[in-house]
Amino acid sequence: NGKFLAGKSVGAEHGSAAMLEAEGKTAVLVAADGRLAGIIGIADPVKRTAPKAVRALKRMGMEITMVTGDNPRTAKAVGARLGIRRIRAGILPGGKASEVMKLQRAGKTVAFVGDGINDAPALARADVGIAIGTGTDIAIESGDIVLVKGDLLDAAAAIQLSRKVMSRIKQNVFWAFA
């Protein structure tokens, strides 16, 4: 924030922006005639089941990283609410795919969950792209799995199901050779 007001004094209003961001909101500075006229706090509400989904994924041994275009202060506040410690904020759409590639180069299998146009490159690049069905068409087209209801708990359920299916396939292959 403040790029259009660069070099201008925003004084106490800057503290208000910081407070909004600490609450998990994106602060938007409004200017009139080159002077700060006000601040608006915008927030995407955290989905009701998101904290439970994060806990379920952690119990399955998953490492969770939040990769977002939001500013670091807002991302940290949202991450704290969700129990996510590893946060990459201020990431542009192409940067999200780069973050996925970094994890893959480190030997990680990456599942990426996203719902927007900005998430499409990362969804396509991930080993498993999980698109939120209530998101944009491009995100849905880029995902390998689509969560029709938009409930993040379904991501954990899909991963559990895939693990059970793979286990069953391995058992069947073993017995077929035996």
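Some notes on this structure:
- Near Val110, the amide H atoms lying under 5 Å from its own belong to Asp127, Val128; only residues 5 or more places off or on other chains count, and H is placed 1.01 Å from N.
- Positive minus negative residues near Gln160 (Lys, Arg vs Asp, Glu; Cβ under 12 Å): +2
- Axis of helix 72-82 versus longest Cα principal axis of the chain: the two differ by about 50°, to the nearest ten degrees.
- Answer label, with Kirkwood radius over Cα pairs in Å calculated from the coordinates and candidates (1) 18.2; (2) 19.8; (3) 17.4: (1)
- Degrees separating the helix 153-177 axis from the principal Cα axis of the chain, which is the longest one: 20
- Extending 7 Å from Cα along the Cβ direction at Ala157 and again at Arg81 yields two label points whose distance is 2.4 nm.
- Probing with 1.4 Å while keeping every protein chain in the model, the per residue accessible area of the chain equals 64 Å².
- Whole-percent carbon and sulfur share, accessible surface of the chain, 1.4 Å: 57
- Anisotropy class of region 99-178 from Cα gyration tensor, a/c 1.5 cut: oblate
- Sequence of Leu82, Leu153 when ordered by accessible area, the most exposed leading, probe 1.4 angstrom: Leu153, Leu82
- Computed FRET value (nearest 0.05) for Asn172 with Ala22, which takes r as the C-beta separation and R₀ as 35 Å: 0.10
- Here the chain carries DSSP beta bridges of which approximately 40% are antiparallel, counting only pairs with both residues inside.
- Under 29 Å of direct C-alpha separation, and excluding same-chain neighbours fewer than eight residues apart, Lys76 reaches these lysines: Lys3, Lys8, Lys25, Lys47, Lys52, Lys58, Lys96, Lys102, Lys108, Lys149.
- Sites listed here are GluC sites (Glu not before Pro) in region 10-79 whose DSSP assignment is loop and whose Cβ has at most 16 other Cβ atoms within 10 Å: Glu23, Glu63.
- Shape call, region 84-140: gyration tensor on alpha carbons, a/c limit 1.5: prolate
The values are calculated or read from the model by the stated rules, or taken from the named source; none is laboratory data. Source: prediction; values computed, not measured. Cβ atoms come from the backbone with ideal geometry, glycine included; neighbour counts cover every protein chain shown. When the accessible area is computed, the model is the full protein with side chains, heavy atoms only, and any ligands, DNA or RNA have been set aside. Shrake-Rupley method; radii C 1.70, N 1.55, O 1.52, S 1.80 Å.
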